[in-house]
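Before we start, here is the structure in question, set down as C-alpha cells.
Since every read-out is calculated from the coordinates, none of them should be taken as a lab result. Here the structure is a predicted model, which is why all the values come from computation and not from measurement. In this analysis, Cβ positions are derived from the backbone assuming ideal geometry, glycine residues included, and neighbour counts consider all displayed protein chains.
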Amino acid sequence: MMHRLFVYGTLLAGLCRHSVMQGAPLLGAAHTQGVLYDLGPYPAMVAGEARVHGELYEVSDALLAQLDEVEAYDPQRPEGSEYVRQQLTVWLSQGGSQLAWTYVYNRSVAQAQRIAHGDYRRHLKHTGYTPTW
C-alpha cells in the first residue's frame, strides 16, 4: 500500500537524512498547520495555528515502517516515542489539499527556539547550521 508523507526537517531533499527517502516520489512542495521548533540537530513540529513548510512524498508500507524507526516512533508504544505519526491536512503549493502522515514531536518544546516562519531550510540558511546524521 502507498501512503502520503509530509516531511519538514532533515528528511527534506538535500538534507542529511534524505537518503532514507530513496525511491519515494516527490509530489511537490507543501505546507500544513503547526508550529516548528529548533531542537539543535533537527526540528520538531507540534500542533498549532502557524504554517510549517515542507515536501509531500508517496511512500510504501516498508519505507513508512523504516521511517518510524528513523523518527523514534514506536506504534506499539506511542506515548513513549519521541515523535508520533499522525495524519494531517497538507496543502500543495500547486493547489489542492489531502491527508498525509507526518511526524509530530511528542515531548516538551519549552526550552526550544521557535522557528516563526515555519521553514527549516530557510532557518538553516539564516543560522548557518548544517545538520548531520
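Apply the Karplus curve 6.51 cos²θ - 1.76 cosθ + 1.60, θ = phi - 60°, to the phi angles in segment 106-116 and return the couplings in whole Hz, x for Gly and Pro.
10, 9, 6, 10, 4, 9, 8, 7, 6, 9, 4
Compute the separation of the alpha-carbon centres of segment 80-133 and segment 11-77 and state it in Å as a whole number.
7 Å
Label Cys16 and Ala65 with points 7 Å out from Cα along Cα→Cβ: what is the distance between them in nm?
With each label placed 7 Å out from Cα toward Cβ, I get 2.8 nm.
Find the Rg to Rh ratio for segment 2-127, where Rh is the Kirkwood radius over alpha-carbon pairs and Rg uses the same atoms.
0.93
Once amide H atoms are placed 1.01 Å from N in the peptide plane, what residues at a sequence separation of 5 or more from Ile115, or on another chain, have their amide H within under 5 Å of its amide H?
For Ile115, whose amide H was placed from the backbone, the distant partners under 5 Å are Leu36, Tyr37, Asp38.
For Val109, what residues show an amide H to amide H distance below 5 Å, using hydrogens built from the backbone and excluding near sequence neighbours?
none
Based on Cα coordinates alone, diagonalise the gyration tensor for segment 42-95, multiply each eigenvalue by 5, take square roots, and list the semi-axes in whole Å, largest first.
Ellipsoid half-lengths, sorted descending, are 22, 16, 9 Å.
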